[in-house]
Amino acid sequence: MRKVSCRIGKIMVGIVVVIALITAASFTTATLAQEVTLTIIAASGWTPCEVGKKLTPEFTKYAEEKLGYPVKIVWDLVPFANWYEKSATALASHSTQYDIIFSDSQWLGTFSWGKHIIKLNSFIEKDPELKAIVEDFYQEHRDAYMSYPYGTPNYWGLPMEGDDLVLYVRSDLLNDSTERANFKAKYGFDLPRTYEDFDALDWFKFEKVLEFFTRPPDLYGTAMEYSKEYDFISDHVMALFWSWGGDIIDWETYKVDGIMNSPQNVEALEYYKHLLKYQPLGAADYGIDQCITAMSQGKVFSTLTWAAVGFPIFDPKTSLVSDKVLVVKPPKGKVMRSYCIGGQPWVLSEYSQHKKEVFEFFKWWYSKEIQWKFAEMGGNPVIRKLIDSEEFKKLNPWNRAYVEMIPGARDFWHLPCYAEMLLVQQEEWHNYVSGATPDAKTALDRTASRQEEILKDWEFLK
Amino acid sequence: MRKDHQENFIKWFFILPALAFFFAWNIFPLLWVLGLSFHKYSIMTGRPPRFVGLENYTRIFGDPYFWDRFRTTFTYVFVAVFFEFVIGFGLALLFNQEIKGKKIMLTLMMAPMIIAPVATGVFFRFMYEPTWGIFGYFLDKLVGLRPQFLQDSRLALPSVILADIWMWSPFMLMMTLAGLQAVPDYLLEAAEVDRLSWWTKFRHIILPTIKPVLVLALLLRTIDAFRLFDKIFVMTGGGPGTATEIISMSVYRLAFLFFRTGRGSALAIILLVVAIIFTNIYLLLLRAGRKA
C-alpha cells in the first residue's frame, strides 16, 4: 500500500515538473515572439486617416529596431457619421479596444472631463524628444489640438492633421484676358490674379468677383458650407464673426448673451446668408462634399473650404478643373482675417494597455521623414521645421495657404458640452438661412439664450 | 394529486426560460431606464448618478423646443398615416376586383415596402435635389419651377412625408386586401340577392368585417411612424434648421451625442407612455366597434 502511494506521489511530482517546464517554455517563447498591436479608431474616407493607414506599416519595422519587438498598427476606420459616437462609447465603457483615438479638437473637453484620455504634460516633461516635438508646433496648433481648457497649457492630445479654411479659385477664368477686360470695365478695378492679390482682398471686393462669375445655370460665383450637418455652417459663420470683430463667448466668464448676438455678429450672419445668391440652387444644404463636387465639376468659380479636402480638386481622375485652380487665403472681413482652424488631434486612451508603444509611435510619426511622406500623400503635417520651409509650401497647391492661415486661426469651445452647444447654433443659424427664422438677430438671440442654459446646466456659467 | 403536481412542474419548466428571457431583455432594462430617468447622469463624465426626482421630466416639459419637436412628430405621424390609409384602402378596393395582371401589379406595389428605409431616404434625397433631381427637372419643364424641397423650411416636412407615404401605403394595401378577401362570400351573395347598394354593402357588411384588421394596420403604422428615425436622418438630418426634427432624433441626440443619459431616459419613458396611450385608444375603438 505504501509502495503504491509512493509511486502515485512520484507520478504527481513528475506531472507538476512537466507542467512547470511547459509553462516556463511558453512564457519564454511569448517574450521572444512578443508582438504588440495598437488600434486606432478614425474616420473612413477622410484623407489623413486613409494616408495614415497607408503609412503606418513602416512603424512595425521601426519598432522592431527601437523596441526589440514588432508593433503592428491597426486602423478601425468608421463612417464619419458614427465616428464620435463609436469613439465616445468605447471610452465611456472603458474599453481596451482602442489605444489611440483620432479625435476632433473640440472633443478634448468631453474626453478629458471624464478622465478617459491621458493628460500628456508629465510625459512631455519627462521626454526631451517629445518636448522638442511639442515646442516645434505653432501655438495655434497647441491650443486647438492639445489643450483643455482651450488655450491653456494642459495638454491632452497631439495634432495629427493640421487644417484651416482656404479659398480655391479658378485661375483660368482669372487669367482670361476677355474676362479681365470685362470685369475692369464693369467694376473699375482689376480682377485679382495672384496669391498676393487675394491676400489684399476683402469680402466686399471679393463679392464683386462672385457676382461677376455668377452665370446660372452653368456657372456660379462660389460654394460654401451651409449644411446643418455636424459643424458645417458653424465653421464658416464663426469665421465671419471673428473677421467682423465679433466673438462667440466670453472666454473668462462663459457669458454668451451680448457676445453671440452682438451687432457685429448679426451683420456677419446676414452677410453670410446674402452670399447664397451667388451659389447654386440647394447650396443652403451644402457641406464639404458638395462644395468639392461643385468645384471639381466646374460649376462654381470658387469654394471656401478646408485645405485638407483639396486633394480631389487637383486629381484629374475626379476633377474637370484639376489644372485650373489656385489656392489662396480667404478674404479679409470687416475688421480682420481670422478663420476657423480645422484638423484633428489624436489622443491616448486611458484604458490602453500599450502606452509605452503609443509614445514611441508618436515620436516616429513626428519625425521629419514621416511627416514629409504624409504631406506627399495629401496630408497636412504640423511640425514647423517642415511646414515653414519653402520646399513644403511648393509641394501641394494648398500648402502655402494652409501654413499662412495658421497665425490667428481659432477653434470652437473645447467644453464637455461641446456637442450640445454646437447643435444649438447649427439649428438656429440654419433656421435663419432656410427662412424659418425671419432675421439674424432673432437667430442669434435664441442661440445665446439656449447656449447659456446649457452652460448653466453644466455649472460653467453662474 | 401527484399528476397535477407533475403537470404544473412541466408547465413552469417550459414557461420559465421565456419568462426569464422576457425579464432580462424587456422588464429589467425598462426598470433600469425608469430609474435612470430620475437621475442626473452622463455616461461620459465618469461621475456617479445623482438623484434629481422629477427634474428631468419637468425640464423636458418646460422646454419649448421639446413641444416643437412633438408638434412636428404628430404632424408627421397623422398626415403620413392618414394618406397611407386612404391610398392603401383605395388600392385594396381596386385589387379586390378581378383585373388583368393583378398578381404582377401587386408584387410591384409591394416593392417600396421591402426597400431599406435608409435606401429610400437616399433615393428621395437624390430625387429632390434641386439642380439635377428628377422632381425639379419635370417641374422646371412643366411650370418653370425648381423648388428646393429639402432646403426650404416650408417644403421639407411635406417632402419627407411624401417619401413615407410612398413607402408605406403598400402596407395598408396589403393589410386591407387581406381583410377584404376574408369577408365571407355568403354575406356578399346575400347582399347581392337583397340588391343592396354598394355603399350599404360596404357600410354594413365589409367595413364591420375588416374593422379589426384596419385598426391593427393603423396601430402598427402609427407606432412605427412614431419611432421613425433612419429615413429622416439621411434625408434631412432634421433640417433645414429644425423643420423635420422629430422626437426620436432628440432621444438619439440626448442619449448618444450629448450622453445625457438621465434626460434621454426620461424622454424615452415619455415616448413609451405616448405609444401605450395610442395603443389603448386603438384598442378602445376596436372594442367599441365590436360592441356596436
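The values are calculated or read from the model by the stated rules, or taken from the named source; none is laboratory data. Not measured: the values here are computed from a predicted model. Please note: Cβ atoms are built from the backbone with ideal geometry, for glycine as well, and neighbour counts cover all protein chains shown.
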Quiz item: Within the group B:135, B:123, B:149, which residue is within 14 Å of chain A (Cβ to nearest Cβ) and part of a helix (DSSP H, G or I)?
Solution: B:135
Quiz item: Of the residues in the stretch A:247-282, how many are buried (at least 19 other Cβ atoms within 10 Å of the Cβ) and within 23 Å of the chain's Cα centre (by Cα)?
Solution: 3
Exercise. Working only within the stretch A:327-366, note down all residues that are of a type in the set (Gly, Ala, Ser) and closer than 24 Å to residue A:43 by Cβ.
Key: A:342, A:343, A:349, A:352
Quiz item: Applying the selection to the stretch A:60-97, what residues are at the interface with chain B (Cβ under 10 Å from one of its Cβ atoms) and among the hydrophobic types (A, V, I, L, M, F, W, C)?
Solution: A:81, A:88, A:91, A:92
Quiz item: Among the residues of the stretch A:360-375, is any more than 11 Å from chain B (Cβ to nearest Cβ), part of a loop (DSSP other than H, G, I, E, B) and on the phi < 0 side of the Ramachandran plot?
Solution: yes
Quiz item: Do you know which residues across the stretch A:221-235 are out of contact with any strand residue (DSSP E or B) (no Cβ under 7 Å at 6 or more places or on another chain) and part of a helix (DSSP H, G or I)?
Solution: A:232, A:233, A:234
Quiz item: Which of the residues that make up the stretch A:249-285 are in a loop (DSSP other than H, G, I, E, B), aromatic (Phe, Trp, Tyr) and at pLDDT 95 or above?
Solution: A:254
Quiz item: Of the residues A:199, A:190, A:235, which single one is touching an Asp or Glu at 6+ places or on another chain (Cβ under 9 Å), charged (D, E, K, R), surrounded by fewer than 23 Cβ atoms within 10 Å (Cβ to Cβ) and within 18 Å of residue A:413 (Cβ to Cβ)?
Solution: A:235
Quiz item: Only one of (1) within 24 Å of the chain's Cα centre (by Cα); (2) more than 16 Å from residue A:300 (Cβ to Cβ) is not met by residue A:167, so which one is it?
Solution: (2)
Practice problem: Considering each residue of the stretch A:429-452, count those that are more than 9 Å from chain B (Cβ to nearest Cβ) and of a type outside the set (Gly, Ala, Ser), and give that number. | Solution: 10
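One line per residue, one yes/no per condition, for (1) closer than 20 Å to residue A:148 by Cβ; (2) facing chain B (nearest Cβ under 10 Å):
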{"site": "A:392", "(1), (2)": "no, no"}
{"site": "A:405", "(1), (2)": "no, no"}
{"site": "A:416", "(1), (2)": "yes, yes"}
{"site": "A:427", "(1), (2)": "no, yes"}
{"site": "A:459", "(1), (2)": "yes, no"}
Quiz prompt | Meets criteria (surrounded by 24 or more Cβ atoms within 10 Å (Cβ to Cβ) and at pLDDT 95 or above) for residue A:345 | solution = yes
Quiz item: Checking residue A:412 against (1) free of Cβ contacts under 8 Å to residues at least 12 places away in the same chain; (2) more than 14 Å from chain B (Cβ to nearest Cβ); (3) assigned to a loop (DSSP other than H, G, I, E, B), which single condition isn't satisfied?
Solution: (1)
Quiz item: What's the number of the condition residue A:458 fails, among (1) buried (at least 22 other Cβ atoms within 10 Å of the Cβ); (2) more than 20 Å from the chain's Cα centre (by Cα); (3) modelled with pLDDT under 95?
Solution: (1)
Practice problem: Return a yes/no flag: does the stretch A:309-331 have any residue that is assigned to a helix (DSSP H, G or I) and within 30 Å of residue A:264 (Cβ to Cβ). | Solution: yes
Quiz item: What number of residues within the stretch B:36-66 satisfy the criterion of being in contact (Cβ under 8 Å) with a residue 24 or more places away in the chain and within 29 Å of the chain's Cα centre (by Cα)?
Solution: 9
Quiz prompt | Odd one out for residue B:207 among (1) in contact with a Ser or Thr (Cβ under 9 Å, 6 or more places away or on another chain); (2) at pLDDT 90 or above | solution = (1)
Exercise. Identify, from the list A:391, A:369, A:428, A:420, the residue that is without any contact (Cβ under 8 Å) to a residue 40 or more places away in the chain, surrounded by fewer than 24 Cβ atoms within 10 Å (Cβ to Cβ) and outside the structural domain of residue A:59 (by TED's automatic domain parsing).
Key: A:420
Exercise. Name every residue in the stretch A:261-293 that is in contact with a Pro (Cβ under 6 Å, 6 or more places away or on another chain) and within 14 Å of chain B (Cβ to nearest Cβ), in order of residue number.
Key: A:281, A:282
Practice problem: Could you please find all residues in the stretch A:246-298 being among the hydrophobic types (A, V, I, L, M, F, W, C) and under 15 Å from residue A:333 (Cβ atoms)? | Solution: A:248, A:266, A:268, A:269, A:275
Self-check item: Candidates B:246, B:277, filtered to the one that is free of Cβ contacts under 8 Å to residues at least 24 places away in the same chain and not charged (D, E, K, R)
Solution: B:277
Quiz item: What is the residue count in the stretch B:210-263 for residues that are in a helix (DSSP H, G or I), within 20 Å of the chain's Cα centre (by Cα), of a type in the set (Val, Ile, Thr) and within 12 Å of chain A (Cβ to nearest Cβ)?
Solution: 1
Quiz item: Of all residues in the stretch A:309-324, which are modelled with pLDDT of 95 or more and surrounded by 22 or more Cβ atoms within 10 Å (Cβ to Cβ)?
Solution: A:313
